[in-house]
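Everything on this sheet refers to the single structure shown next.
Where a number appears in this text, it was derived from the coordinates with a stated rule and is not lab data. Here the structure is a predicted model, which is why all the values come from computation and not from measurement. All Cβ positions, even for glycine, are placed from backbone atoms using ideal geometry, and neighbour counts span all protein chains on display.
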Amino acid sequence: MNPIKACIFDLDGVVVDTAKYHYLAWKRLAHELGFEFKEIHNERLKGVSRMRSLEILLEVGGLSFPLERMEQMATQKNEWYLEYIRKMTPDEILPGAKELLEELRLHNIKVALGSASKNAPLILERIGLANHFDAILDGNSVSVAKPAPDIFLVAAKALGELPEHCIVFEDAEAGIDAAISAGMRCVGIGSPDNLGRANLVIPNLKQFTYDNLKDYFLSHK
Ligand code: BG6
Ligand code: MG
């Protein structure tokens, strides 16, 4: 059995619930474009890049625009999103996330952030977790987004660990696929309905400990 030497955490949906803010900002854009963007559509945006999210949104609305106009829309959406993000506080850390990050470090497990978001540094600063990671890799660190494995591979490299010694924590299908492509084991946070490809799926990080992680991966391949 491969030892666990490092853990790589996704941000949105694992450490904080920013999906609701992404949703409000995308909904506002859709409204301006004359269609309704529903919460069920928002599921498809989880884990994918800002531009890919916009492509999906426009697909839902049955619209298409030249790239330049799409870039303006993505910038506008991000400005609305930032209005929410700037107001975030440490109270918005999801239950169990901070405790697990701290416990892993006590056991000399390295921890990295591997997020698709270009806003990750701001969010970490707002919630007071910037110092809880040995390496922070975000949407600015790679040119190809999840489900490509790149973000997790650069995170492992930054930590100086091999992929087979890393465990990824992810809430999005695109992220689980990225972890698998990177040759890493992964824990899905959410429902087995869509995260069933993860090695282990748990509803959230509440009371999830380093012992739980070790016990599971020592007894499963
Ligand atoms: C991911 C979110 O973490 O980041 C996606 O799950 C989002 O929904 C992506 O589109 C990019 O985020 P940002 O902050 O760079 O627009
Ligand atoms: Mg996520």
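Under the convention that each Lys and Arg Cβ holds +1 and each Asp and Glu Cβ holds -1, the size of the dipole of segment 19-85 around its Cα centre is about 200 debye. Backbone geometry of segment 14-19 corresponds, through the Karplus equation with coefficients 6.51, -1.76 and 1.60 at θ = phi - 60°, to 3J(HN,Hα) couplings of 10, 9, 9, 9, 8, 4 Hz, x marking Gly and Pro. Computed over segment 151-209, relative contact order equals 26 percent, with contacts defined as Cα pairs under 8 Å that lie 6+ residues apart. Ranked for footprinting exposure by Cβ neighbours inside 10 Å, fewest first, Trp80, Trp26 give Trp80, Trp26. Report summary: the helix-based calculation at 222 nm, which adds -39500 (n - 2.57) for every DSSP H run with n ≥ 4 and divides by the residues of the chain, gives -13500 deg cm²/dmol.
Ranked by how many other Cβ atoms sit within 10 Å of their own Cβ, fewest first, the residues Met88, Met70, Met184, Met1 fall in the order Met1, Met70, Met88, Met184.
Around the Cα centre of the chain, unit charges on the Cβ atoms of Lys, Arg, Asp and Glu (plus for the first two, minus for the last two) sum to a dipole of about 140 debye. Toward the positive end of the charge dipole of segment 157-221, with +1 on the Cβ of Lys and Arg and -1 on the Cβ of Asp and Glu, the farthest Cα among Ala174, Met184, Pro203 is that of Met184. Coupling constants for segment 196-206 follow from the phi torsions by the Karplus curve (6.51 cos²θ - 1.76 cosθ + 1.60, θ = phi - 60°), and in residue order they are x, 7, 5, 5, 9, 10, 10, x, 6, 8, 4 Hz; glycine and proline get x. DSSP bridge analysis restricted to the chain gives an antiparallel fraction near 5%, rounded to the nearest 5.
Between the alpha-carbon centres of segment 188-221 and segment 16-47 there is a gap of 28 Å.
Across segment 149-158, coupling constants 3J(HN,Hα) worked out from phi with the 6.51/-1.76/1.60 Karplus curve, θ = phi - 60°, read x, 3, 4, 6, 5, 5, 5, 4, 4, 4 Hz, and Gly and Pro carry x. If only the Cβ of Lys and Arg carry +1 and only the Cβ of Asp and Glu carry -1, the dipole of segment 103-216 around its Cα centre is close to 160 debye.
Residues considered: Arg44, Arg197, Arg86. Largest GNM mean-square fluctuation over the chain, using C-alpha springs under 10 Å, is found at Arg86.
One chain, two ends: Met51 and Arg69. Fully extended at 0.36 nm per residue, the span grows by 5.3 nm beyond their Cα-Cα distance. Between the helical axis of 67-85 and the longest alpha-carbon principal axis of the chain there is an angle of about 60 degrees.
What angle, in degrees between 0 and 90 and rounded to the nearest 10, separates the Cα long axis of helix 50-61 from the longest principal axis of the Cα atoms of the chain? Helix 50-61 sits roughly 50 degrees off the main axis of the chain.
Amide H contacts under 5 Å for Ile8: Ala112, Ile167, Val168, Phe169, restricted to partners 5 or more places along the chain or on a different chain, H placed in the peptide plane at 1.01 Å from N.
Placing unit charges on the Cβ atoms of the charged side chains and taking the dipole of segment 19-85 about its Cα centre, the candidate lying farthest along the positive direction among Ala30, Leu63, Ile40 is Ile40. Residue order for His31, His22, His165, fewest other beta carbons within 10 angstrom first, comes to His31, His165, His22.
Between the Cα long axis of helix 97-106 and the first principal axis of the chain there is an angle of about 30°, rounded to the nearest 10.
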